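K.L.:
My structure is below; once you've seen it, I'll send some questions.
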Amino acid sequence: MTALWVLAPVLLPALAAGACLLLRHRSAMPRVALAGAVSGAVAAFALAMRAVGGGPFVTAAGWLHADGLSALVSVIGGGVLVATLLHARSYLAVLPALEPGDGGWAPGRWEATMLGLAACVQLSAVSNNLGLLWIALEGATLASAVLVGYYRRTDALEAAWKYLLLCSVGIALALFATVLLHYAAVSRIGEVGGGLEWTTLRDAAAALDPRFVRLAFLFALVGWGAKIGLAPMHAWVPDAYGRAPAPASALLSTAVTAAGVAALLRFATVARTALGPEWPERWLALFGVVSVVVAVPFLVAQSEYKRLLAWSSVKHTGLVVLAAGLGTPLALFGGLLHLLSQSAAKSLGFMLGGHLLRASGSHRLDHCQGVLAADRGLGTLLLVTGIGLTGLPPSATFLSQWLTLAGGFTGPRPVFAAVALIALAAGFLGLVFHWVCMLTGPAREGFTDAMPRSARAPLWAMAVVLVALGVWLPAPVRALLESAVQAVRP
Amino acid sequence: MNVLTGWLPQSNTVNLLAGAFLLTALLIVTRRRPLEVVTALRVNAIALALIALTVALATGAWHIGLSAGLSLVIKAGVIPWLLAGRARRMTREVRTRVSIPTGALLCGALVVLAFSQTRELFGQRADILAACLPVSVAVTLIGLFVMVTRTQALMQVVGLVLLENAIFLAAVSLTYGMPLVVEAGVLLDLLAGVTVLGLFVRRLEDALGEADTERLTELRG
């Protein structure tokens, strides 16, 4: 019975994906897809409430589980999927006129791929078996690659190829990490729990051979790090997020990133117990801070809106991983809140990118000027996005960055927090410059957003979430994050 | 059964097959015709499946036998068949960033490195297949080498598949395989992965005339 709770967020989108592939009614597809996404999101929220309220539980003979961390990923994946599918309904209708090389997919394939990707993310969130986790994330990678290569143009092909190769190597290394951890377990504690169950590994971590856990953690860091775009394995990020259709970029940079971060944190939890917290945390902090620093020059000197968002994604992911490495519960709390708040900011930003592209006919930043004067609604949304990306109050990213850095300065590694603070300030200046250019000035001629007003509803919803969480952290969200912290640092 | 499990790590059958696995990986580095490269990859996967089969026979674990059969079908059958279909259409020879003799020399160095480092970490443990582990690490490195030095998209896929074969060998030799459900899922994912990669190779061919990644230079910064 409990297995059904855990499986519902996976199965509902997966069933809808199957239906989209099999149904012949073109007009019914968006509705079927949306029904799958909404019911999946409801199931995800219900699962999160149960896992947070009733405590973590393991089910399906040890294959599946739910705790705070899986609840967080589940909620992010469910929420963003509904928003992006809603937005994609209007966006895909205007797409052929917008982008050269949009051959148009066979009906239903777009919805099926998005839903399949979301189902993989949900499965990875609730996988207790590290092998199953790997299978789910490999599935997510393949679905993402198909989405990145949506347009039949050489630049989209280049982006998809880069994404496929780099992420495939990354995920192969993550498989090696899984094999190594499996060996470390089987050679010491026998085939208990198949030797791959995360809860068993976590509890028995102290008995594992530290040399193999160390190797496994390093391979996991490089492998899952490549999957989430951690520097120096981030080369695919700007290309993939910049070239995928706007709703797909929104889903990739939020749900898939959250799933990858969670996978990395699962390995980190085992490594913390087996090796002591010091060693794995130092590596997490190092990779995190390098990602934050690497992104800064590209944030300042950038000419394309979506690539700017992609580089800021590298920065935000780096900050989350850094938070896990700073060594205090407060920093980790801030980092996980950042995972949540940056998901709202990033999905808003990418979906808004679709509107800006529709209105200005170009990806370039300098083709979007005077947005506030041209369209008050879009301008306001752009302003909220800017506040969210730069981490200004009252957005939730301000709160999360502040908590992360505050936790970092009181912890054992304040130098990393200081370097991140300087890099964030430099990136802030770059982003503010671009945003002032886009928002202010006289309206550009011909800047009109022809998409229906209803297409903006998910954007407003994300904007509200972003600001509301910054002003007031409701008790359930707080409990969710605290239980996620508990899962990572038992 | 325990006697056999003790015999297995010293068995020459496994050592011979591991040697074949390593040699075919080196063949992939040194061959110039795309079809020959794919054939070498096929033999590589057959060696892998036979090692798994030997382990299954020696330990009597039916689930290892099943996964050996699965990898024989998928890794030595379907995947090379998919790749050969594309390789037949390649009119040019394999193009490399470093010359073939230099590449062979560098891969030799990688093999030496893998053997010396693995010995240091694992020592002579009785519970693992001693010959397979250094071979698996060496072939992982060779697979990465192929991916980095080949410019044609299809050859990069070959490097990736080689890398995955090596990781499978590590799984078989370290722990006599992972749980069956996991291994079957992993194999299906890999098959889906090669299918998607093959799809993109074809689209690259359609777009560029030939699938050479050196022509992909549009995205910067």
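K.L.:
Mind checking whether some residue in region A:303-312 is at pLDDT 95 or above, surrounded by 24 or more Cβ atoms within 10 Å (Cβ to Cβ) and over 30 Å from B:GLU218 (Cβ atoms)?
P.N.:
Looking through region A:303-312, none of the residues is at pLDDT 95 or above, surrounded by 24 or more Cβ atoms within 10 Å (Cβ to Cβ) and over 30 Å from B:GLU218 (Cβ atoms).
K.L.:
Right, here's the next one. If the requirement is being under 17 Å from the mean Cα position of the chain (by Cα) and surrounded by fewer than 20 Cβ atoms within 10 Å (Cβ to Cβ), which of these qualifies: B:GLY69, B:GLY60, B:GLY65?
P.N.:
Details: B:GLY60 fails: under 17 Å from the mean Cα position of the chain (by Cα); B:GLY65 fails: under 17 Å from the mean Cα position of the chain (by Cα).
None of the other options fit; the residue is B:GLY69.
K.L.:
Continuing with the same structure: Looking at (1) closer than 19 Å to A:LEU137 by Cβ; (2) loosely packed, with under 15 Cβ neighbours inside 10 Å, which one does A:TRP63 not meet, given that it meets all the others?
P.N.:
Failed condition: (2).
K.L.:
Among the candidates A:ALA268, A:ALA207, A:ALA262, A:ALA226, which residue alone is away from chain B (no Cβ under 11 Å) and within 19 Å of A:LEU166 (Cβ to Cβ)? Break it down stepwise before answering.
P.N.:
Values: A:ALA268 fails: within 19 Å of A:LEU166 (Cβ to Cβ); A:ALA207 fails: within 19 Å of A:LEU166 (Cβ to Cβ); A:ALA262 fails: within 19 Å of A:LEU166 (Cβ to Cβ).
Result of the check over A:ALA268, A:ALA207, A:ALA262, A:ALA226: A:ALA226.
K.L.:
Identify, from the list B:LEU199, B:LEU160, B:LEU144, the residue that is within 13 Å of chain A (Cβ to nearest Cβ), closer than 22 Å to B:ALA20 by Cα and free of Cβ contacts under 8 Å to residues at least 24 places away in the same chain.
P.N.:
Exactly one of B:LEU199, B:LEU160, B:LEU144 is within 13 Å of chain A (Cβ to nearest Cβ), closer than 22 Å to B:ALA20 by Cα and free of Cβ contacts under 8 Å to residues at least 24 places away in the same chain, namely B:LEU144.
K.L.:
Looking only at region A:30-56, which residues are farther than 16 Å from A:VAL82 by Cβ and either assigned to a helix (DSSP H, G or I) or aliphatic (A, V, I, L, M) (or both)? Even if it seems obvious, please write down each step before you answer.
P.N.:
Pass one, region A:30-56, residues farther than 16 Å from A:VAL82 by Cβ: A:49-56.
Passing the criteria: A:MET49, A:ARG50, A:ALA51, A:VAL52, A:GLY53.
K.L.:
Same structure again: All but one of (1) modelled with pLDDT of 90 or more; (2) in contact with a Pro (Cβ under 6 Å, 6 or more places away or on another chain); (3) of a type outside the set (Lys, Arg) hold for B:MET90, so report the exception by its number.
P.N.:
Failed condition: (1).
K.L.:
If you don't mind, there's one more thing I want to ask. Under the condition of being over 24 Å from B:ASN165 (Cα atoms) and among the hydroxyl-bearing types (Ser, Thr, Tyr), which residue from region A:159-208 is surrounded by the most Cβ atoms within 10 Å (Cβ to Cβ)?
P.N.:
Across region A:159-208, the extreme among qualifying residues is A:THR200.
K.L.:
For region A:144-158: of the residues being in a loop (DSSP other than H, G, I, E, B) and in contact (Cβ under 8 Å) with a residue 24 or more places away in the chain, which is surrounded by the fewest Cβ atoms within 10 Å (Cβ to Cβ)?
P.N.:
Step one: of region A:144-158, the residues in a loop (DSSP other than H, G, I, E, B) are A:149-153.
Subset that is in contact (Cβ under 8 Å) with a residue 24 or more places away in the chain: A:150-153.
Working: A:TYR150: 24, A:TYR151: 20, A:ARG152: 16, A:ARG153: 18.
Among them, the one singled out is A:ARG152.
K.L.:
Being surrounded by fewer than 20 Cβ atoms within 10 Å (Cβ to Cβ), at pLDDT 95 or above and part of a helix (DSSP H, G or I) narrows it down to one of B:VAL38, B:VAL43, B:VAL3, so name that one.
P.N.:
Details: B:VAL38 fails: surrounded by fewer than 20 Cβ atoms within 10 Å (Cβ to Cβ); B:VAL3 fails: at pLDDT 95 or above.
Exactly one residue qualifies, and that residue is B:VAL43.
K.L.:
Exactly one of these conditions fails for A:LEU133: (1) touching a strand residue (DSSP E or B) at 6+ places or on another chain (Cβ under 8 Å); (2) within 24 Å of A:GLY18 (Cβ to Cβ); (3) at pLDDT below 95. Give me its number.
P.N.:
Only one criterion in (1) touching a strand residue (DSSP E or B) at 6+ places or on another chain (Cβ under 8 Å); (2) within 24 Å of A:GLY18 (Cβ to Cβ); (3) at pLDDT below 95 is unmet by A:LEU133, namely (3).
K.L.:
So, in region A:268-312, of the ones that are assigned to a helix (DSSP H, G or I) and charged (D, E, K, R), which residue ends up nearest to A:ALA177 (Cα to Cα)? Can you show your working first?
P.N.:
Going residue by residue through region A:268-312, those that are assigned to a helix (DSSP H, G or I) are A:268-275, A:278-300, A:305-312.
Filter once more, so that each one left must be charged (D, E, K, R): A:272, A:278, A:281-282, A:306-307.
Working: A:ARG272: 15, A:GLU278: 20, A:GLU281: 17, A:ARG282: 19, A:LYS306: 33, A:ARG307: 31 Å.
Looking at the filtered set, the residue picked out is A:ARG272.
K.L.:
Could you check, for region A:431-449, whether at least one of its residues is assigned to a helix (DSSP H, G or I) and among the hydroxyl-bearing types (Ser, Thr, Tyr)?
P.N.:
First pass over region A:431-449, keeping only residues assigned to a helix (DSSP H, G or I): A:431-439.
Right, trim to among the hydroxyl-bearing types (Ser, Thr, Tyr) and you get none.
No - not one qualifying residue is present in region A:431-449.
K.L.:
Write out, first by first residue and then by second, each pair whose Cβ atoms fall under 6 Å of each other, whose residues are 6+ apart or on separate chains, and whose first residue, in region A:252-272, is crowded, with 24+ Cβ neighbours inside 10 Å while the second is assigned to a helix (DSSP H, G or I) and of a type in the set (D, E, K, R).
P.N.:
Final answer for the pair search is A:SER253/A:LYS346; A:THR254/A:LYS346; A:GLY260/A:LYS227; A:VAL270/A:ARG202.
K.L.:
Give me the residue from region B:175-196 that is more than 9 Å from every other protein chain (Cβ to nearest Cβ) and touching a Ser or Thr at 6+ places or on another chain (Cβ under 8 Å) and, out of that set, surrounded by the most Cβ atoms within 10 Å (Cβ to Cβ).
P.N.:
B:GLY177
K.L.:
Here is a check on your reading of the model: is A:GLN369 under 16 Å from A:LYS315 (Cβ atoms) and of a type outside the set (A, V, I, L, M, F, W, C)?
P.N.:
On the way: under 16 Å from A:LYS315 (Cβ atoms): no; of a type outside the set (A, V, I, L, M, F, W, C): yes.
Taking the combined requirement at face value, the residue does not satisfy it.
K.L.:
Now for a separate question. Do we have any residue at all in region A:343-361 that's closer than 24 Å to A:THR328 by Cα, modelled with pLDDT of 95 or more and part of a helix (DSSP H, G or I)?
P.N.:
Step one: of region A:343-361, the residues closer than 24 Å to A:THR328 by Cα are A:343.
So of that shortlist, the ones also modelled with pLDDT of 95 or more come out as A:343.
Now narrow it down to the ones that are part of a helix (DSSP H, G or I): A:343.
Yes, there is a match, as at least one residue in region A:343-361 is closer than 24 Å to A:THR328 by Cα, modelled with pLDDT of 95 or more and part of a helix (DSSP H, G or I).
K.L.:
Right, another one. Can you tell me which condition B:THR151 does not meet? The list is (1) touching an Asp or Glu at 6+ places or on another chain (Cβ under 7 Å); (2) at the interface with chain A (Cβ under 7 Å from one of its Cβ atoms), and all the others hold.
P.N.:
(2)
K.L.:
Suppose we keep only residues that are in contact with a Gly (Cβ under 6 Å, 6 or more places away or on another chain) and more than 9 Å from chain B (Cβ to nearest Cβ) within region A:144-170. Which one would you say is modelled with the highest pLDDT?
P.N.:
Among those that are in contact with a Gly (Cβ under 6 Å, 6 or more places away or on another chain) and more than 9 Å from chain B (Cβ to nearest Cβ), it is A:GLY170.
K.L.:
For A:GLY327, only one of the following conditions fails: (1) modelled with pLDDT of 95 or more; (2) outside any helix (DSSP H, G or I). What is its number?
P.N.:
With (1) modelled with pLDDT of 95 or more; (2) outside any helix (DSSP H, G or I) applied to A:GLY327, the lone miss is (1).
K.L.:
If only one of A:HIS65, A:HIS25 is outside any helix (DSSP H, G or I) and under 22 Å from the mean Cα position of the chain (by Cα), which one is it? Let's see the steps before the verdict.
P.N.:
Working: A:HIS25 fails: under 22 Å from the mean Cα position of the chain (by Cα).
It is A:HIS65.
K.L.:
In region B:207-221, how many are under 11 Å from A:GLU158 (Cβ atoms) and in a loop (DSSP other than H, G, I, E, B)? Let's see the steps before the verdict.
P.N.:
Within region B:207-221, the first condition is being under 11 Å from A:GLU158 (Cβ atoms), and the residues that meet it are B:207-208, B:213, B:215-220.
If we keep only those that are in a loop (DSSP other than H, G, I, E, B) as well, we get B:216-220.
Result for region B:207-221: 5.
The values are calculated or read from the model by the stated rules, or taken from the named source; none is laboratory data. Because the structure is predicted, anything quoted here is derived from the model rather than measured. Note: ideal-geometry Cβ built from the backbone for every residue, glycine included; neighbour counts use all protein chains shown.
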